[in-house]
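The values are calculated or read from the model by the stated rules, or taken from the named source; none is laboratory data. None of these values were measured; they are calculated from a predicted model. Because the Cβ atoms are built from the backbone with ideal geometry, glycine has one as well, and the counts that use them run over all protein chains shown.
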Amino acid sequence: MTSIIHYGMVGGGEDSFIGNIHRIAASLDNHFHLVAGVFSSDPERSVHFGNRLNLSNDRCYPDFKEMAVKESVREDGIEAVVIATPNNLHIPIAKEFLKRGIHVICDKPLAANNNEIRSFSSLVNKSDIIFAITYNYSGYPMIRLAREMVINGKIGNIRSIQVEYAQDWLQEKLEDTGHKQAVWRMDPFQAGDGGCLSDIGTHAFHLVCFVTGLQPSLILADLNHFVDGRSLADNANILFRFSSGASGMLWISQVASGNKNGLRLRIFGSKAGIEWSQEEPNYLKFSSFGKPSSFLGKEDLNISPSAKKSTRTPPGHPEGYIEAFANIYNEIAEAIICIRQGKSVPGEVLYPNFNDGVAGMEFINTAIKSNANNSKWMPLSI
């Protein structure tokens, strides 16, 4: 039985940044092979782009429903589908493939709004089909190391969590210029009501939950629309309270001049603190109380099986965004192969799943409610 997983893609066509990232990450370790897709709402453009990816015409479909139906009955049909479309299409596409037994790998966030999720949850929960969501920053080796350090008590009892994700690409009203990626992200119909919460905030929120093992019980949100005429938030300041007694703060912005992809996480506990930056991802700062701070690198990954598993090159050879994304695909591949062979998926196989997607949507929804109620503390129910 081959270990190669044949997959299809919906979205991610010409001018899509994230579609190409998915394809590179999926192929990096030779677990996935792209064989089918719908790359545009225009059938001719879809075929043209598919041909550029060396797909045959009969595997370049005019719409996702036809693709789901035809691929599910082919002997050589796809085993998984990657969804790389605007948010409002995630659930409708996923339904068509899930009900035909095809695993789903979906870009974040899970949906445009919470209403879509309620009827969808039962379909996901009653099947043994994988639903993964690509919160890809959890694939970084140093993030895996940080998580294990927290689990093993190296930080002590967590007291304070600080996370930020700052960009500047929406500093001006880029959506009015016809810029494809800006247009849909700032369109409430396609993106939902979250704005920067949906686009980058859920990444930061997931990272907090993944590394600490905690989820906020209360949040207070102050959302901003700094660019004139913009209907969705482009900046947000959010406070967290955790049932453990810890507190936290999240700042997200897409109008922060000089910041390109500034995702940073700091966690402080009763014994020590850890700090990590996505733009310098190969090091984790560790500060034990009363001792000099140190920077942990690849040579320290032997203390973390999960982090060591997530690296490909020796110390001194940097790995970055693509490799972290590929680590998520590797974990998904391991899970798919286990299911294919009738085996249980081991607990150490870590990839963001449907529940993580639901948590992200609850975070978005609760933050919007808090802001609408004069930035009142609101319970976060996940």
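Could you tell me how many of the residues in segment 150-169 are more than 21 Å from C209 (Cβ to Cβ) and in contact with a strand residue (DSSP E or B) (Cβ under 9 Å, 6 or more places away or on another chain)? Before you say what the answer is, go through the steps one by one.
Of segment 150-169, the ones more than 21 Å from C209 (Cβ to Cβ) are 167-169.
Then keep just the ones that are in contact with a strand residue (DSSP E or B) (Cβ under 9 Å, 6 or more places away or on another chain); that gives 167-168.
Number of matching residues: 2.
Return the residue satisfying two criteria in turn: it lies in segment 295-334 and is under 16 Å from N136 (Cβ atoms) and small (G, A, S), and of such residues it is surrounded by the fewest Cβ atoms within 10 Å (Cβ to Cβ).
Among them, the one singled out is G320.
Can you confirm whether D193 is in a strand (DSSP E or B), outside the structural domain of C106 (by TED's automatic domain parsing) and acidic (D, E)?
Numbers: in a strand (DSSP E or B): no; outside the structural domain of C106 (by TED's automatic domain parsing): yes; acidic (D, E): yes.
When the stated conditions are applied, D193 does not pass them.
Residues to consider are V150, V104, V81, V124; find the one that is modelled with pLDDT under 95 and in contact with a helix residue (DSSP H, G or I) (Cβ under 9 Å, 6 or more places away or on another chain).
Numbers: V150 fails: modelled with pLDDT under 95; V104 fails: modelled with pLDDT under 95; V81 fails: modelled with pLDDT under 95.
The conditions single out V124.
Going by the structure shown, is I274 in the same structural domain as F363 (by TED's automatic domain parsing), among the hydrophobic types (A, V, I, L, M, F, W, C), surrounded by 20 or more Cβ atoms within 10 Å (Cβ to Cβ) and more than 21 Å from I155 (Cα to Cα)?
Working: in the same structural domain as F363 (by TED's automatic domain parsing): yes; among the hydrophobic types (A, V, I, L, M, F, W, C): yes; surrounded by 20 or more Cβ atoms within 10 Å (Cβ to Cβ): yes; more than 21 Å from I155 (Cα to Cα): no.
In short, no.
Suppose we filter R241, R185, R266 for residues that are out of contact with any Cys (no Cβ under 8 Å at 6 or more places or on another chain) and under 30 Å from P92 (Cβ atoms); which single one remains? Full working, then the answer.
Numbers: R241 fails: under 30 Å from P92 (Cβ atoms); R266 fails: under 30 Å from P92 (Cβ atoms).
Going through R241, R185, R266 in turn, just one is out of contact with any Cys (no Cβ under 8 Å at 6 or more places or on another chain) and under 30 Å from P92 (Cβ atoms): R185.
Of the residues in segment 242-271, how many are touching a Gly at 6+ places or on another chain (Cβ under 8 Å), of a type outside the set (V, I, T) and in a strand (DSSP E or B)?
So the answer is 3.
With (1) at pLDDT below 95; (2) exposed (fewer than 12 other Cβ atoms within 10 Å of the Cβ) as the list, and P292 as the residue in question, which single condition is left unmet?
Failed condition: (1).
Which condition breaks for L223 when tested against (1) of a type outside the set (F, W, Y); (2) surrounded by 21 or more Cβ atoms within 10 Å (Cβ to Cβ); (3) out of contact with any helix residue (DSSP H, G or I) (no Cβ under 8 Å at 6 or more places or on another chain); (4) outside any helix (DSSP H, G or I)?
Checking L223 against (1) of a type outside the set (F, W, Y); (2) surrounded by 21 or more Cβ atoms within 10 Å (Cβ to Cβ); (3) out of contact with any helix residue (DSSP H, G or I) (no Cβ under 8 Å at 6 or more places or on another chain); (4) outside any helix (DSSP H, G or I), the one that fails is (3).
Tell me the helices (runs of 4 or more DSSP H) entirely within segment 272-382 that contain at least 1 residues that are farther than 30 Å from L239 by Cα, under 20 Å from the mean Cα position of the chain (by Cα) and of a type in the set (D, E).
Working: elements: 305-309, 321-340, 354-372.
Per the criteria, 321-340.
Within segment 341-352, is there a residue that is in contact with a strand residue (DSSP E or B) (Cβ under 8 Å, 6 or more places away or on another chain) and closer than 21 Å to V208 by Cβ? Full working, then the answer.
Restricting attention to segment 341-352, the residues satisfying the condition of being in contact with a strand residue (DSSP E or B) (Cβ under 8 Å, 6 or more places away or on another chain) are 351-352.
Restricting the remaining residues to those that are closer than 21 Å to V208 by Cβ gives 351-352.
Yes, segment 341-352 has at least one match.
Exactly one condition in (1) within 25 Å of A132 (Cβ to Cβ); (2) not assigned by TED's automatic domain parsing to the domain that holds Q162 is false for P318; which is it?
(1)
Answer yes or no as to whether A68 is in contact with a Lys or Arg (Cβ under 7 Å, 6 or more places away or on another chain) and buried (at least 24 other Cβ atoms within 10 Å of the Cβ). Steps first, please.
Working: in contact with a Lys or Arg (Cβ under 7 Å, 6 or more places away or on another chain): yes; buried (at least 24 other Cβ atoms within 10 Å of the Cβ): yes.
Judged against the criteria, A68 is a match.
Please name all residue pairs, on different chains or six or more residues apart, with Cβ atoms under 6 Å, provided the first residue is in segment 82-102 and is closer than 11 Å to K65 by Cβ and the second residue is in a strand (DSSP E or B).
Note: pairs meeting the criteria are I93/V10; I93/I83; F97/V81; F97/V104.
Among the residues of segment 1-31 satisfying the criterion of being charged (D, E, K, R) and surrounded by 14 or more Cβ atoms within 10 Å (Cβ to Cβ), which is nearest to E75 (Cα to Cα)? Explain how you work it out, then say what you get.
Looking only at segment 1-31, we keep the residues that are charged (D, E, K, R), and these are 14-15, 23, 29.
When the remaining residues are screened for being surrounded by 14 or more Cβ atoms within 10 Å (Cβ to Cβ), the result is 14, 23, 29.
Values: E14: 29, R23: 23, D29: 25 Å.
Only one residue tops the list, namely R23.
One residue is enough: does segment 273-287 have a residue meeting the conditions aromatic (F, W, Y) and within 24 Å of L380 (Cβ to Cβ)?
Here is the first cut: in segment 273-287, the residues aromatic (F, W, Y) are 276, 283, 286.
Subset that is within 24 Å of L380 (Cβ to Cβ): 276.
Yes, some residue in segment 273-287 is aromatic (F, W, Y) and within 24 Å of L380 (Cβ to Cβ).
Scan segment 211-218 and tell me whether some residue there is surrounded by fewer than 24 Cβ atoms within 10 Å (Cβ to Cβ), part of a strand (DSSP E or B) and of a type in the set (A, V, I, L, M, F, W, C).
Among the residues of segment 211-218, at least one is surrounded by fewer than 24 Cβ atoms within 10 Å (Cβ to Cβ), part of a strand (DSSP E or B) and of a type in the set (A, V, I, L, M, F, W, C), which makes the answer yes.
What about L34, is it farther than 30 Å from G194 by Cα, surrounded by 17 or more Cβ atoms within 10 Å (Cβ to Cβ), in contact with a Lys or Arg (Cβ under 7 Å, 6 or more places away or on another chain) and not assigned by TED's automatic domain parsing to the domain that holds D187?
Numbers: farther than 30 Å from G194 by Cα: yes; surrounded by 17 or more Cβ atoms within 10 Å (Cβ to Cβ): yes; in contact with a Lys or Arg (Cβ under 7 Å, 6 or more places away or on another chain): yes; not assigned by TED's automatic domain parsing to the domain that holds D187: yes.
Against the criterion (farther than 30 Å from G194 by Cα, surrounded by 17 or more Cβ atoms within 10 Å (Cβ to Cβ), in contact with a Lys or Arg (Cβ under 7 Å, 6 or more places away or on another chain) and not assigned by TED's automatic domain parsing to the domain that holds D187), L34 qualifies.
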